1. Name the single residue, out of those in region 39-63 being at pLDDT 95 or above and exposed (fewer than 15 other Cβ atoms within 10 Å of the Cβ), that is farthest from the chain's Cα centre (by Cα).
2. Considering only residues that are at pLDDT 95 or above and among the polar types (S, T, N, Q), look in region 1-38 and name the one that is nearest to the chain's Cα centre (by Cα).
3. In region 67-82, which residues are of a type in the set (A, V, I, L, M, F, W, C) and either modelled with pLDDT under 95 or in contact with an Asp or Glu (Cβ under 6 Å, 6 or more places away or on another chain) (or both)?
4. Looking at region 73-87, which of its residues are hydrophobic (A, V, I, L, M, F, W, C), within 12 Å of PHE99 (Cα to Cα) and out of contact with any helix residue (DSSP H, G or I) (no Cβ under 8 Å at 6 or more places or on another chain)?
5. Within the set of pairs 6 or more residues apart or between chains, which connect a residue that is under 13 Å from GLY95 (Cβ atoms) inside region 57-74 to a residue that is of a type in the set (Lys, Arg) and surrounded by 13 or more Cβ atoms within 10 Å (Cβ to Cβ) with Cβ atoms less than 7 Å apart?
6. How do the pairs read when you match residues in region 83-105 that are over 10 Å from LYS44 (Cα atoms) with residues anywhere that are among the polar types (S, T, N, Q) and crowded, with 19+ Cβ neighbours inside 10 Å, using Cβ under 7 Å and keeping only pairs 6 or more apart or on different chains?
7. State all residues of region 72-89 that are touching a Pro at 6+ places or on another chain (Cβ under 8 Å) and surrounded by fewer than 21 Cβ atoms within 10 Å (Cβ to Cβ); if no residue qualifies, say none.
Amino acid sequence: MKISKIVLILFSFLIASGCSWVKEKPGAEKVRVASAEQVLNCKKMGSSTVSVKAEVATIARDAKTVQQELATLARNSAADLGGNVVVPVSKIDKGKQIFVIYHCP
């Protein structure tokens, strides 16, 4: 009985590690993620350091889910600042990433 509880708990964490808890704010759907080369003629609005949980109970979350959540948070920030493009300027480190926010024509 004890082993089945442990297996159930571990299974629950594995399922949760692939789930996304970040929701897109209104306006963020109009913000796109781009590269630095694509914003040469754009106005820099600011930057945003965003972070999410990279692990759940010492189990690493799915890297693609973490990346998508970080991009969503950056797009939410851009919408708040009036930007329409975000560019990641750092690699993901322990669930944290820096984005620069731009307004492009």
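1. By that ranking, first place goes to ASN41.
2. Only one residue tops the list, namely SER35.
3. Quick first cut of region 67-82, residues of a type in the set (A, V, I, L, M, F, W, C) only: 70-71, 73-74, 78-79, 81.
If the condition is that a residue be of a type in the set (A, V, I, L, M, F, W, C) and either modelled with pLDDT under 95 or in contact with an Asp or Glu (Cβ under 6 Å, 6 or more places away or on another chain) (or both), then no residue fits.
4. Initial filter on region 73-87 (hydrophobic (A, V, I, L, M, F, W, C)): 73-74, 78-79, 81, 85-87.
The next check asks that each one be within 12 Å of PHE99 (Cα to Cα); those that pass are 73-74, 78, 85-87.
Correct list: LEU73, ALA74.
5. ARG61/LYS53
6. Pairs found: PRO88/GLN97; SER90/GLN97; PHE99/SER48.
7. Step one: of region 72-89, the residues touching a Pro at 6+ places or on another chain (Cβ under 8 Å) are 74, 79.
ALA79, the sole residue that qualifies.
The values are calculated or read from the model by the stated rules, or taken from the named source; none is laboratory data. This one's a predicted model, so the numbers in the text were calculated from it and none came from an experiment. When we count neighbours, we look across all protein chains shown, and the Cβ atoms used for this are built from the backbone with ideal geometry, even at glycine.
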